[in-house]
Amino acid sequence: MGKVIVCRCEDVTLEDLRQAFAAGHRDLESLKRFTGLSTGFCQGKCCAAHAGRFLAELRGGDDMVCDPTRTRPLLHPTPAACFAAIASGEAPDQEDA
Amino acid sequence: MSTGRRVTRKPDCPVETGSQVAIEFEGRQLPARAGEPLAAALLAAGVQVFGRSLKYHRPRGPYCLQGHCSGCLMRVDGIPNVRTCQTAVRAGMVVERQRGWPSASFDAFRALDWLSGQGIDHHSMFTSSAATNRLAARFVRRLSGFGELPAGEPRPPAPVERWQRQVVVVGGGAAGLQAARELHRRGVRSTLFERQEVAGGRLLDGSDSAGGDGQGSWARLAELHRQLEGSENLELLPGTTVVAVYPGDRLQVVAVQERRTLVVEAERLLLACGDYEQVRLFEGSDLPGVFAVRAFDRLFYLHGVIPGEPVVLCGDSPRLLRLAGDLVAAGVEVAALVSGATRPPLPAGEGAFPLVPGRLPVRASGGRWIERLEIAPAPSEPADGLFDCGCLVSEYPPAPAYELAHHAGCRVDFDSACGFRVVVDDGGRTSNAAVFAAGHCTGAMSLEQALEAGRRAATGMAESLSGGSGRED
(Lines give C-alpha, C1' and ligand atoms only; values in the text may rest on other atoms or scores of the structure.)
Protein backbone atom coordinates (compact mmCIF):
# COMPACT_ATOMS: atom_id res chain seq x y z
CA MET A 1 0.00 0.00 0.00
CA GLY A 2 1.24 3.44 -0.90
CA LYS A 3 0.30 6.76 0.58
CA VAL A 4 -3.06 8.48 0.47
CA ILE A 5 -2.09 12.16 0.70
CA VAL A 6 -4.79 14.19 2.46
CA CYS A 7 -2.82 17.45 2.77
CA ARG A 8 -0.65 18.00 -0.30
CA CYS A 9 1.11 21.09 1.00
CA GLU A 10 2.51 19.36 4.08
CA ASP A 11 2.40 15.73 2.86
CA VAL A 12 0.04 14.55 5.63
CA THR A 13 -1.25 11.06 4.89
CA LEU A 14 -4.51 9.34 5.80
CA GLU A 15 -2.45 7.01 7.98
CA ASP A 16 -1.03 10.04 9.85
CA LEU A 17 -4.61 11.11 10.62
CA ARG A 18 -5.54 7.60 11.79
CA GLN A 19 -2.57 7.49 14.15
CA ALA A 20 -3.30 10.97 15.47
CA PHE A 21 -6.94 10.08 16.07
CA ALA A 22 -5.89 6.92 17.91
CA ALA A 23 -3.57 9.05 20.03
CA GLY A 24 -6.54 11.18 21.12
CA HIS A 25 -6.60 14.04 18.63
CA ARG A 26 -10.30 13.99 17.91
CA ASP A 27 -11.10 17.45 16.66
CA LEU A 28 -9.77 19.34 13.68
CA GLU A 29 -7.76 21.92 15.62
CA SER A 30 -5.96 19.19 17.55
CA LEU A 31 -5.39 17.07 14.42
CA LYS A 32 -3.95 20.14 12.74
CA ARG A 33 -1.57 20.92 15.56
CA PHE A 34 -0.36 17.31 15.78
CA THR A 35 0.02 16.47 12.09
CA GLY A 36 0.62 19.83 10.41
CA LEU A 37 -2.57 19.36 8.37
CA SER A 38 -3.86 22.67 6.90
CA THR A 39 -0.72 24.57 7.87
CA GLY A 40 0.84 24.82 4.42
CA PHE A 41 0.62 27.21 1.49
CA CYS A 42 -3.11 26.64 0.86
CA GLN A 43 -4.07 26.91 4.56
CA GLY A 44 -6.55 24.04 4.39
CA LYS A 45 -8.43 24.95 1.22
CA CYS A 46 -7.58 21.55 -0.24
CA CYS A 47 -7.70 19.33 2.87
CA ALA A 48 -10.08 20.72 5.54
CA ALA A 49 -13.19 19.18 3.94
CA HIS A 50 -11.44 15.81 3.52
CA ALA A 51 -10.27 15.91 7.14
CA GLY A 52 -13.79 16.85 8.26
CA ARG A 53 -15.20 13.80 6.48
CA PHE A 54 -12.55 11.64 8.13
CA LEU A 55 -13.67 12.91 11.56
CA ALA A 56 -17.39 12.64 10.72
CA GLU A 57 -16.93 8.99 9.79
CA LEU A 58 -14.94 8.06 12.88
CA ARG A 59 -17.02 10.09 15.32
CA GLY A 60 -20.39 9.12 13.89
CA GLY A 61 -21.88 12.11 12.12
CA ASP A 62 -21.45 15.58 10.68
CA ASP A 63 -22.62 17.16 13.97
CA MET A 64 -19.64 15.61 15.74
CA VAL A 65 -17.06 17.38 13.55
CA CYS A 66 -17.50 20.59 15.56
CA ASP A 67 -15.64 23.66 14.41
CA PRO A 68 -13.21 24.20 11.58
CA THR A 69 -9.72 25.22 12.63
CA ARG A 70 -9.31 28.85 13.64
CA THR A 71 -9.21 30.96 10.49
CA ARG A 72 -6.99 33.96 10.54
CA PRO A 73 -6.19 36.61 7.98
CA LEU A 74 -4.73 36.38 5.39
CA LEU A 75 -6.95 34.17 3.29
CA HIS A 76 -4.41 33.98 0.46
CA PRO A 77 -0.61 34.19 0.53
CA THR A 78 0.08 37.88 -0.09
CA PRO A 79 3.36 39.80 -0.50
CA ALA A 80 4.33 41.71 2.65
CA ALA A 81 4.73 44.84 0.49
CA CYS A 82 0.91 44.99 0.30
CA PHE A 83 0.74 45.68 4.05
CA ALA A 84 3.99 47.45 4.75
CA ALA A 85 2.26 50.84 4.48
CA ILE A 86 -0.49 50.04 6.99
CA ALA A 87 1.05 51.18 10.28
CA SER A 88 -0.67 49.96 13.42
CA GLY A 89 -2.96 52.58 14.89
CA GLU A 90 -2.42 54.80 11.87
CA ALA A 91 -5.22 57.28 11.24
CA PRO A 92 -7.20 56.85 8.00
CA ASP A 93 -5.16 58.67 5.40
CA GLN A 94 -5.24 57.72 1.78
CA GLU A 95 -4.61 60.54 -0.66
CA ASP A 96 -0.94 61.09 0.07
CA ALA A 97 -0.05 57.42 0.54
CA MET B 1 0.37 7.99 -23.54
CA SER B 2 1.04 11.53 -24.67
CA THR B 3 1.84 14.81 -22.94
CA GLY B 4 0.11 18.14 -23.30
CA ARG B 5 -1.08 19.64 -26.56
CA ARG B 6 -3.45 22.27 -27.85
CA VAL B 7 -6.84 21.65 -29.41
CA THR B 8 -9.37 23.90 -31.10
CA ARG B 9 -11.77 25.67 -28.77
CA LYS B 10 -15.48 26.20 -29.35
CA PRO B 11 -16.20 29.13 -31.68
CA ASP B 12 -18.10 31.11 -29.01
CA CYS B 13 -15.31 30.87 -26.39
CA PRO B 14 -15.22 34.25 -24.61
CA VAL B 15 -11.45 34.18 -24.00
CA GLU B 16 -9.40 35.69 -26.83
CA THR B 17 -6.34 33.90 -28.17
CA GLY B 18 -3.16 35.83 -27.39
CA SER B 19 -0.27 36.27 -29.80
CA GLN B 20 2.39 33.56 -30.01
CA VAL B 21 5.34 34.39 -27.75
CA ALA B 22 8.30 32.56 -26.19
CA ILE B 23 9.03 32.11 -22.50
CA GLU B 24 12.25 30.86 -20.91
CA PHE B 25 11.80 27.72 -18.85
CA GLU B 26 15.01 26.61 -17.11
CA GLY B 27 17.15 27.72 -20.04
CA ARG B 28 14.81 26.36 -22.74
CA GLN B 29 12.57 28.49 -24.96
CA LEU B 30 8.97 27.32 -24.84
CA PRO B 31 6.10 28.55 -27.02
CA ALA B 32 3.16 30.20 -25.24
CA ARG B 33 0.28 32.58 -25.92
CA ALA B 34 0.42 36.03 -24.39
CA GLY B 35 -2.13 36.48 -21.61
CA GLU B 36 -2.97 32.83 -21.02
CA PRO B 37 -2.24 31.34 -17.57
CA LEU B 38 1.42 30.37 -17.34
CA ALA B 39 0.47 26.94 -15.94
CA ALA B 40 -1.69 26.25 -19.02
CA ALA B 41 1.19 27.24 -21.33
CA LEU B 42 3.61 24.95 -19.45
CA LEU B 43 1.18 22.01 -19.58
CA ALA B 44 0.60 22.59 -23.31
CA ALA B 45 4.37 22.58 -23.85
CA GLY B 46 4.66 19.19 -22.13
CA VAL B 47 5.92 20.24 -18.69
CA GLN B 48 4.62 17.66 -16.22
CA VAL B 49 6.38 18.10 -12.88
CA PHE B 50 5.89 21.63 -11.55
CA GLY B 51 7.60 21.02 -8.23
CA ARG B 52 8.19 18.60 -5.39
CA SER B 53 6.24 18.12 -2.17
CA LEU B 54 7.59 19.26 1.17
CA LYS B 55 8.28 16.02 3.02
CA TYR B 56 8.38 13.08 0.62
CA HIS B 57 9.44 14.98 -2.51
CA ARG B 58 6.53 13.56 -4.46
CA PRO B 59 5.97 15.17 -7.85
CA ARG B 60 3.52 18.07 -7.82
CA GLY B 61 1.51 19.73 -10.52
CA PRO B 62 -1.52 22.00 -10.70
CA TYR B 63 -4.89 20.43 -9.96
CA CYS B 64 -7.21 23.36 -9.15
CA LEU B 65 -6.05 26.05 -11.61
CA GLN B 66 -7.95 28.49 -9.44
CA GLY B 67 -5.06 29.87 -7.37
CA HIS B 68 -5.85 27.85 -4.27
CA CYS B 69 -3.61 24.79 -4.16
CA SER B 70 0.17 24.73 -3.88
CA GLY B 71 0.77 22.47 -6.87
CA CYS B 72 1.80 25.04 -9.47
CA LEU B 73 4.25 27.22 -7.50
CA MET B 74 7.39 28.25 -9.39
CA ARG B 75 9.97 31.00 -9.40
CA VAL B 76 8.96 33.57 -12.01
CA ASP B 77 11.23 36.47 -13.00
CA GLY B 78 13.18 36.04 -9.76
CA ILE B 79 10.15 35.94 -7.43
CA PRO B 80 9.67 32.66 -5.52
CA ASN B 81 6.36 30.84 -4.89
CA VAL B 82 4.41 32.40 -7.73
CA ARG B 83 1.09 30.68 -8.54
CA THR B 84 1.66 29.95 -12.22
CA CYS B 85 -2.05 29.29 -12.77
CA GLN B 86 -2.79 32.91 -11.76
CA THR B 87 0.05 34.48 -13.71
CA ALA B 88 -0.56 35.70 -17.25
CA VAL B 89 2.08 34.83 -19.85
CA ARG B 90 4.33 37.70 -20.99
CA ALA B 91 6.95 37.37 -23.70
CA GLY B 92 10.39 36.50 -22.33
CA MET B 93 9.36 35.71 -18.76
CA VAL B 94 11.88 33.53 -16.93
CA VAL B 95 10.41 30.50 -15.17
CA GLU B 96 12.16 27.99 -12.90
CA ARG B 97 11.11 25.16 -10.63
CA GLN B 98 12.06 25.49 -6.99
CA ARG B 99 12.54 22.23 -5.15
CA GLY B 100 14.25 18.95 -5.99
CA TRP B 101 17.82 17.76 -6.27
CA PRO B 102 19.43 17.54 -8.75
CA SER B 103 16.24 18.73 -10.49
CA ALA B 104 12.48 18.77 -10.01
CA SER B 105 12.04 16.21 -12.81
CA PHE B 106 14.46 13.79 -11.19
CA ASP B 107 14.68 14.29 -7.44
CA ALA B 108 16.96 11.89 -5.53
CA PHE B 109 15.14 12.63 -2.27
CA ARG B 110 12.05 10.92 -3.69
CA ALA B 111 13.74 7.83 -2.20
CA LEU B 112 12.29 9.01 1.13
CA ASP B 113 8.85 8.38 -0.30
CA TRP B 114 9.65 4.90 -1.60
CA LEU B 115 11.27 3.88 1.68
CA SER B 116 8.72 5.28 4.09
CA GLY B 117 5.65 3.12 3.37
CA GLN B 118 2.56 4.90 4.60
CA GLY B 119 4.37 7.73 6.28
CA ILE B 120 7.11 8.86 8.62
CA ASP B 121 6.07 9.76 12.15
CA HIS B 122 8.50 12.60 12.75
CA HIS B 123 7.28 13.51 16.23
CA SER B 124 10.06 11.73 18.08
CA MET B 125 12.78 11.75 15.44
CA PHE B 126 16.12 13.35 16.32
CA THR B 127 14.92 14.31 19.78
CA SER B 128 17.55 12.38 21.78
CA SER B 129 19.50 15.56 22.45
CA ALA B 130 19.17 19.27 21.80
CA ALA B 131 22.25 19.26 19.58
CA THR B 132 20.93 16.44 17.35
CA ASN B 133 17.61 18.23 17.13
CA ARG B 134 19.22 21.49 16.02
CA LEU B 135 21.28 19.71 13.38
CA ALA B 136 18.29 17.79 12.07
CA ALA B 137 16.14 20.92 11.97
CA ARG B 138 18.74 22.68 9.83
CA PHE B 139 18.94 19.73 7.46
CA VAL B 140 15.17 19.34 7.17
CA ARG B 141 14.73 23.05 6.50
CA ARG B 142 17.17 22.86 3.62
CA LEU B 143 15.45 19.74 2.28
CA SER B 144 11.97 21.20 2.33
CA GLY B 145 12.58 24.94 1.93
CA PHE B 146 10.31 27.19 -0.05
CA GLY B 147 12.79 28.27 -2.69
CA GLU B 148 15.35 31.06 -2.54
CA LEU B 149 14.75 34.67 -1.57
CA PRO B 150 13.62 37.04 -4.34
CA ALA B 151 16.29 38.42 -6.64
CA GLY B 152 16.89 42.16 -6.81
CA GLU B 153 15.54 44.99 -4.69
CA PRO B 154 12.56 44.27 -2.44
CA ARG B 155 9.26 45.53 -3.77
CA PRO B 156 8.35 48.99 -2.40
CA PRO B 157 5.28 49.11 -0.11
CA ALA B 158 1.99 49.32 -1.99
CA PRO B 159 -0.01 52.51 -1.40
CA VAL B 160 -2.94 52.00 0.98
CA GLU B 161 -6.32 53.58 0.29
CA ARG B 162 -9.08 53.77 2.87
CA TRP B 163 -12.57 53.66 1.46
CA GLN B 164 -16.06 53.81 2.91
CA ARG B 165 -18.79 51.90 1.13
CA GLN B 166 -22.35 50.93 1.97
CA VAL B 167 -22.32 47.46 0.40
CA VAL B 168 -19.34 45.29 -0.49
CA VAL B 169 -19.87 42.10 -2.50
CA VAL B 170 -17.03 39.56 -2.45
CA GLY B 171 -16.91 37.32 -5.52
CA GLY B 172 -18.12 37.88 -9.08
CA GLY B 173 -19.37 34.41 -9.92
CA ALA B 174 -22.99 33.45 -10.56
CA ALA B 175 -24.27 34.42 -7.09
CA GLY B 176 -22.21 37.61 -6.75
CA LEU B 177 -23.04 38.99 -10.20
CA GLN B 178 -26.72 38.17 -9.79
CA ALA B 179 -26.71 39.85 -6.35
CA ALA B 180 -25.04 42.94 -7.84
CA ARG B 181 -27.67 43.03 -10.54
CA GLU B 182 -30.49 42.80 -8.01
CA LEU B 183 -28.94 45.54 -5.85
CA HIS B 184 -28.57 47.70 -8.99
CA ARG B 185 -32.23 47.07 -9.87
CA ARG B 186 -33.24 48.19 -6.38
CA GLY B 187 -31.09 51.30 -6.57
CA VAL B 188 -28.57 50.15 -3.96
CA ARG B 189 -24.96 51.03 -4.69
CA SER B 190 -22.46 48.20 -4.29
CA THR B 191 -18.77 47.54 -4.74
CA LEU B 192 -17.89 44.09 -6.08
CA PHE B 193 -14.42 42.61 -5.64
CA GLU B 194 -13.54 39.75 -7.99
CA ARG B 195 -10.24 37.93 -7.63
CA GLN B 196 -9.85 36.97 -11.29
CA GLU B 197 -9.29 39.47 -14.11
CA VAL B 198 -12.60 38.45 -15.66
CA ALA B 199 -15.71 38.03 -13.50
CA GLY B 200 -17.90 35.00 -14.15
CA GLY B 201 -16.83 32.07 -11.95
CA ARG B 202 -18.81 29.01 -12.94
CA LEU B 203 -20.54 30.94 -15.72
CA LEU B 204 -17.15 31.36 -17.35
CA ASP B 205 -15.88 27.79 -17.04
CA GLY B 206 -17.85 26.66 -20.04
CA SER B 207 -19.19 23.27 -19.09
CA ASP B 208 -22.14 24.22 -16.87
CA SER B 209 -25.28 25.03 -18.74
CA ALA B 210 -27.46 27.55 -16.98
CA GLY B 211 -30.41 25.21 -17.40
CA GLY B 212 -34.09 25.84 -17.90
CA ASP B 213 -34.25 28.01 -20.97
CA GLY B 214 -31.54 26.15 -22.84
CA GLN B 215 -29.23 29.13 -22.62
CA GLY B 216 -25.52 28.35 -22.37
CA SER B 217 -23.52 29.73 -19.45
CA TRP B 218 -21.35 31.95 -21.72
CA ALA B 219 -24.46 33.55 -23.19
CA ARG B 220 -25.90 33.97 -19.70
CA LEU B 221 -22.69 35.62 -18.50
CA ALA B 222 -22.62 37.98 -21.47
CA GLU B 223 -26.23 38.94 -20.68
CA LEU B 224 -25.40 39.63 -17.02
CA HIS B 225 -22.43 41.77 -18.04
CA ARG B 226 -24.68 43.69 -20.48
CA GLN B 227 -27.22 44.33 -17.73
CA LEU B 228 -24.52 45.61 -15.41
CA GLU B 229 -22.55 47.60 -17.97
CA GLY B 230 -22.43 51.30 -17.26
CA SER B 231 -24.45 50.87 -14.06
CA GLU B 232 -23.88 53.84 -11.78
CA ASN B 233 -24.82 51.64 -8.84
CA LEU B 234 -22.07 49.09 -9.37
CA GLU B 235 -18.36 49.54 -8.84
CA LEU B 236 -16.92 46.32 -10.31
CA LEU B 237 -13.27 45.73 -9.44
CA PRO B 238 -11.77 42.60 -11.03
CA GLY B 239 -8.22 41.54 -10.16
CA THR B 240 -8.94 42.33 -6.50
CA THR B 241 -8.41 39.71 -3.80
CA VAL B 242 -10.16 40.06 -0.46
CA VAL B 243 -7.79 38.61 2.13
CA ALA B 244 -9.41 39.58 5.44
CA VAL B 245 -12.63 40.72 7.09
CA TYR B 246 -12.52 42.32 10.53
CA PRO B 247 -15.83 42.46 12.43
CA GLY B 248 -16.76 45.45 14.59
CA ASP B 249 -19.16 48.40 14.65
CA ARG B 250 -18.37 48.74 10.99
CA LEU B 251 -16.89 45.83 9.07
CA GLN B 252 -13.43 46.32 7.65
CA VAL B 253 -12.58 44.51 4.45
CA VAL B 254 -8.99 44.28 3.26
CA ALA B 255 -8.60 43.87 -0.50
CA VAL B 256 -5.35 43.60 -2.42
CA GLN B 257 -4.70 44.64 -5.99
CA GLU B 258 -1.53 44.41 -8.06
CA ARG B 259 -0.45 47.97 -7.20
CA ARG B 260 -2.51 49.11 -4.21
CA THR B 261 -4.18 47.84 -1.05
CA LEU B 262 -7.72 48.83 -0.09
CA VAL B 263 -9.01 48.96 3.49
CA VAL B 264 -12.75 49.32 3.10
CA GLU B 265 -15.22 50.16 5.85
CA ALA B 266 -18.53 48.62 4.90
CA GLU B 267 -22.01 48.79 6.32
CA ARG B 268 -23.02 45.47 4.76
CA LEU B 269 -21.05 42.59 3.31
CA LEU B 270 -22.34 40.02 0.84
CA LEU B 271 -20.09 37.00 0.58
CA ALA B 272 -20.33 35.10 -2.68
CA CYS B 273 -16.80 33.81 -2.67
CA GLY B 274 -17.57 30.38 -4.08
CA ASP B 275 -15.68 27.24 -3.29
CA TYR B 276 -12.42 25.36 -3.72
CA GLU B 277 -12.00 22.54 -6.20
CA GLN B 278 -11.34 19.12 -4.66
CA VAL B 279 -10.51 15.68 -6.01
CA ARG B 280 -11.50 12.29 -4.64
CA LEU B 281 -8.92 10.90 -2.22
CA PHE B 282 -7.26 7.59 -3.03
CA GLU B 283 -3.76 6.21 -3.30
CA GLY B 284 -1.80 8.41 -5.69
CA SER B 285 -4.61 10.96 -6.16
CA ASP B 286 -2.00 13.69 -5.60
CA LEU B 287 -0.06 12.71 -8.75
CA PRO B 288 0.34 15.38 -11.42
CA GLY B 289 -2.14 14.72 -14.20
CA VAL B 290 -5.09 14.34 -11.80
CA PHE B 291 -7.31 17.41 -12.24
CA ALA B 292 -10.44 18.69 -10.56
CA VAL B 293 -13.24 18.85 -13.11
CA ARG B 294 -13.55 22.65 -13.20
CA ALA B 295 -9.78 22.97 -13.56
CA PHE B 296 -9.95 20.70 -16.58
CA ASP B 297 -12.96 22.66 -17.90
CA ARG B 298 -10.93 25.84 -17.82
CA LEU B 299 -7.93 24.23 -19.52
CA PHE B 300 -10.02 22.70 -22.26
CA TYR B 301 -12.90 25.10 -22.85
CA LEU B 302 -11.17 28.44 -22.13
CA HIS B 303 -7.56 27.80 -23.14
CA GLY B 304 -7.75 24.82 -25.52
CA VAL B 305 -5.13 22.81 -23.62
CA ILE B 306 -5.24 19.03 -23.10
CA PRO B 307 -2.60 18.16 -20.47
CA GLY B 308 -2.33 14.45 -21.36
CA GLU B 309 -4.03 11.55 -23.13
CA PRO B 310 -5.86 9.25 -22.94
CA VAL B 311 -8.28 11.04 -20.63
CA VAL B 312 -10.23 9.12 -17.97
CA LEU B 313 -13.20 10.91 -16.41
CA CYS B 314 -14.55 9.86 -12.98
CA GLY B 315 -17.85 11.14 -11.62
CA ASP B 316 -21.61 10.87 -11.78
CA SER B 317 -23.04 14.10 -13.15
CA PRO B 318 -24.47 14.65 -16.65
CA ARG B 319 -22.00 17.51 -17.17
CA LEU B 320 -19.18 14.94 -17.21
CA LEU B 321 -20.89 13.13 -20.08
CA ARG B 322 -21.19 16.43 -21.91
CA LEU B 323 -17.49 17.08 -21.30
CA ALA B 324 -16.56 13.60 -22.57
CA GLY B 325 -18.64 14.19 -25.69
CA ASP B 326 -16.99 17.57 -26.30
CA LEU B 327 -13.55 15.98 -25.87
CA VAL B 328 -14.29 13.28 -28.43
CA ALA B 329 -15.64 15.93 -30.81
CA ALA B 330 -12.37 17.87 -30.42
CA GLY B 331 -10.37 14.77 -31.36
CA VAL B 332 -9.17 13.97 -27.83
CA GLU B 333 -8.62 10.35 -26.87
CA VAL B 334 -11.01 9.40 -24.05
CA ALA B 335 -10.23 6.06 -22.36
CA ALA B 336 -13.37 5.80 -20.22
CA LEU B 337 -15.97 7.52 -18.13
CA VAL B 338 -16.09 5.79 -14.73
CA SER B 339 -19.22 6.42 -12.70
CA GLY B 340 -19.82 5.41 -9.09
CA ALA B 341 -23.54 5.22 -9.83
CA THR B 342 -24.71 1.75 -10.77
CA ARG B 343 -27.08 3.28 -13.28
CA PRO B 344 -25.21 5.97 -15.20
CA PRO B 345 -26.90 9.35 -15.77
CA LEU B 346 -27.26 9.11 -19.54
CA PRO B 347 -26.27 6.66 -22.28
CA ALA B 348 -22.76 7.10 -23.65
CA GLY B 349 -22.30 9.21 -26.76
CA GLU B 350 -22.56 6.77 -29.67
CA GLY B 351 -20.12 4.33 -28.13
CA ALA B 352 -17.19 6.72 -28.61
CA PHE B 353 -15.82 5.78 -25.20
CA PRO B 354 -16.60 3.01 -22.69
CA LEU B 355 -18.92 3.94 -19.84
CA VAL B 356 -18.04 1.99 -16.69
CA PRO B 357 -20.80 2.09 -14.06
CA GLY B 358 -20.56 1.11 -10.39
CA ARG B 359 -16.82 1.71 -10.05
CA LEU B 360 -14.63 4.18 -8.19
CA PRO B 361 -11.00 5.09 -8.76
CA VAL B 362 -8.86 3.46 -6.04
CA ARG B 363 -5.24 3.80 -7.13
CA ALA B 364 -3.31 6.05 -9.49
CA SER B 365 0.26 5.22 -10.36
CA GLY B 366 3.08 6.63 -12.44
CA GLY B 367 6.56 8.00 -11.89
CA ARG B 368 6.18 11.73 -12.42
CA TRP B 369 2.69 11.94 -13.87
CA ILE B 370 -0.34 9.64 -13.80
CA GLU B 371 0.11 6.65 -16.12
CA ARG B 372 -2.36 4.06 -14.86
CA LEU B 373 -5.65 4.14 -12.99
CA GLU B 374 -7.15 1.21 -11.09
CA ILE B 375 -10.86 1.04 -10.32
CA ALA B 376 -12.90 -1.07 -7.89
CA PRO B 377 -16.56 -1.53 -6.86
CA ALA B 378 -15.76 0.19 -3.52
CA PRO B 379 -12.68 1.72 -1.89
CA SER B 380 -12.30 -1.30 0.41
CA GLU B 381 -12.55 -3.90 -2.36
CA PRO B 382 -9.77 -5.19 -4.62
CA ALA B 383 -9.29 -3.41 -7.94
CA ASP B 384 -10.97 -5.13 -10.89
CA GLY B 385 -10.13 -2.76 -13.70
CA LEU B 386 -7.08 -0.94 -15.03
CA PHE B 387 -6.77 1.90 -17.55
CA ASP B 388 -3.85 3.49 -19.29
CA CYS B 389 -4.36 7.07 -18.23
CA GLY B 390 -2.61 10.25 -19.37
CA CYS B 391 -4.97 12.55 -17.51
CA LEU B 392 -7.64 11.94 -14.88
CA VAL B 393 -10.59 14.30 -14.55
CA SER B 394 -11.91 13.75 -11.03
CA GLU B 395 -15.33 15.04 -10.10
CA TYR B 396 -15.77 15.59 -6.38
CA PRO B 397 -17.81 18.08 -4.32
CA PRO B 398 -15.93 21.38 -4.02
CA ALA B 399 -15.35 22.78 -0.51
CA PRO B 400 -17.16 26.05 0.29
CA ALA B 401 -14.94 29.09 0.90
CA TYR B 402 -16.19 29.72 4.44
CA GLU B 403 -13.11 31.51 5.81
CA LEU B 404 -14.08 35.17 5.29
CA ALA B 405 -17.40 34.52 7.04
CA HIS B 406 -15.46 32.88 9.85
CA HIS B 407 -13.26 36.00 10.10
CA ALA B 408 -16.47 38.01 10.57
CA GLY B 409 -17.69 35.65 13.31
CA CYS B 410 -20.50 34.09 11.27
CA ARG B 411 -21.70 30.63 12.17
CA VAL B 412 -20.14 27.83 10.11
CA ASP B 413 -21.17 24.16 10.16
CA PHE B 414 -20.00 20.92 8.57
CA ASP B 415 -21.75 18.93 5.86
CA SER B 416 -20.13 15.79 4.46
CA ALA B 417 -21.70 16.62 1.09
CA CYS B 418 -19.31 19.56 0.68
CA GLY B 419 -17.30 20.56 3.76
CA PHE B 420 -17.41 23.51 6.15
CA ARG B 421 -19.97 26.06 4.94
CA VAL B 422 -21.47 29.38 5.90
CA VAL B 423 -24.84 28.92 7.63
CA VAL B 424 -27.55 31.12 6.07
CA ASP B 425 -31.35 31.39 6.13
CA ASP B 426 -33.54 31.69 3.01
CA GLY B 427 -32.71 35.37 2.71
CA GLY B 428 -28.95 34.79 2.80
CA ARG B 429 -28.63 36.16 6.37
CA THR B 430 -25.74 34.83 8.43
CA SER B 431 -25.46 34.94 12.23
CA ASN B 432 -23.79 38.36 11.87
CA ALA B 433 -26.55 40.90 11.01
CA ALA B 434 -24.22 42.89 8.75
CA VAL B 435 -23.05 39.89 6.72
CA PHE B 436 -25.00 38.05 4.02
CA ALA B 437 -23.83 35.06 2.02
CA ALA B 438 -24.98 33.36 -1.17
CA GLY B 439 -23.96 30.70 -3.62
CA HIS B 440 -21.41 27.94 -3.27
CA CYS B 441 -19.78 29.33 -0.10
CA THR B 442 -22.99 28.27 1.65
CA GLY B 443 -22.93 24.68 0.36
CA ALA B 444 -23.41 22.50 -2.70
CA MET B 445 -25.95 23.75 -5.22
CA SER B 446 -26.66 24.03 -8.93
CA LEU B 447 -25.73 27.06 -10.99
CA GLU B 448 -29.40 27.99 -11.19
CA GLN B 449 -29.73 27.78 -7.40
CA ALA B 450 -26.63 29.97 -6.97
CA LEU B 451 -28.14 32.66 -9.22
CA GLU B 452 -31.39 32.52 -7.23
CA ALA B 453 -29.51 32.62 -3.88
CA GLY B 454 -27.63 35.72 -5.06
CA ARG B 455 -30.91 37.43 -5.93
CA ARG B 456 -32.50 36.53 -2.59
CA ALA B 457 -29.51 37.62 -0.50
CA ALA B 458 -29.45 40.96 -2.32
CA THR B 459 -33.18 41.35 -1.67
CA GLY B 460 -32.73 40.56 2.03
CA MET B 461 -29.84 42.99 2.26
CA ALA B 462 -31.69 45.78 0.47
CA GLU B 463 -34.58 45.36 2.91
CA SER B 464 -32.26 45.44 5.91
CA LEU B 465 -30.80 48.72 4.61
CA SER B 466 -34.16 50.38 4.06
CA GLY B 467 -34.75 50.33 7.81
CA GLY B 468 -37.17 47.41 8.07
CA SER B 469 -36.56 44.43 10.28
CA GLY B 470 -35.20 42.75 7.17
CA ARG B 471 -37.36 39.70 7.75
CA GLU B 472 -40.42 38.78 5.76
CA ASP B 473 -42.14 36.35 8.09
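For this structure, a couple of remarks:
- Hey, B:Arg97 assigned by TED's automatic domain parsing to the domain that holds B:Glu36, more than 29 Å from A:Glu15 (Cα to Cα) and crowded, with 20+ Cβ neighbours inside 10 Å or not: yes
- Test: residue in region B:73-86 that is among the hydroxyl-bearing types (Ser, Thr, Tyr), part of a loop (DSSP other than H, G, I, E, B) and under 30 Å from B:Ser217 (Cβ atoms): no
- Residue tally, condition more than 8 Å from every other protein chain (Cβ to nearest Cβ), within 25 Å of B:Gly71 (Cα to Cα) and assigned to a loop (DSSP other than H, G, I, E, B), over region A:44-69: 3
- Restricting attention to region A:24-45, the residues that are at negative phi and free of Cβ contacts under 8 Å to residues at least 40 places away in the same chain add up to 14.
- Qualifying residue in region B:199-222 (condition: in a loop (DSSP other than H, G, I, E, B), assigned by TED's automatic domain parsing to the domain that holds B:Gly428, surrounded by 16 or more Cβ atoms within 10 Å (Cβ to Cβ) and of a type in the set (A, V, I, L, M, F, W, C)): yes
- When region B:233-247 is limited to residues that are away from chain A (no Cβ under 14 Å) and part of a loop (DSSP other than H, G, I, E, B), the one that is modelled with the lowest pLDDT turns out to be B:Asn233.
- Evaluated against (1) among the hydrophobic types (A, V, I, L, M, F, W, C); (2) within 14 Å of chain A (Cβ to nearest Cβ); (3) over 19 Å from B:Glu277 (Cβ atoms); (4) part of a loop (DSSP other than H, G, I, E, B), B:Phe353 falls short on exactly one condition, (2).
- B:Ser380 vs. criteria within 14 Å of chain A (Cβ to nearest Cβ) and modelled with pLDDT under 95: yes
One line per residue, one yes/no per condition, for (1) at pLDDT 95 or above; (2) surrounded by fewer than 23 Cβ atoms within 10 Å (Cβ to Cβ); (3) within 27 Å of the chain's Cα centre (by Cα):
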{"site": "B:Val21", "(1), (2), (3)": "yes, yes, yes"}
{"site": "B:Pro37", "(1), (2), (3)": "yes, no, yes"}
{"site": "B:Ala40", "(1), (2), (3)": "yes, no, yes"}
{"site": "B:Trp101", "(1), (2), (3)": "no, yes, no"}
{"site": "B:Met125", "(1), (2), (3)": "no, yes, no"}
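- Matching entry among B:Gly367, B:Gly427, B:Gly454 (being buried (at least 16 other Cβ atoms within 10 Å of the Cβ) and assigned to a loop (DSSP other than H, G, I, E, B)): B:Gly427
- Condition met for B:Ser416 (of a type in the set (Ser, Thr, Tyr), within 23 Å of B:Ala295 (Cα to Cα) and within 9 Å of chain A (Cβ to nearest Cβ)): yes
The values are calculated or read from the model by the stated rules, or taken from the named source; none is laboratory data. Computed from a predicted model, the values in this text were never measured in an experiment. Please note: Cβ atoms are built from the backbone with ideal geometry, for glycine as well, and neighbour counts cover all protein chains shown.
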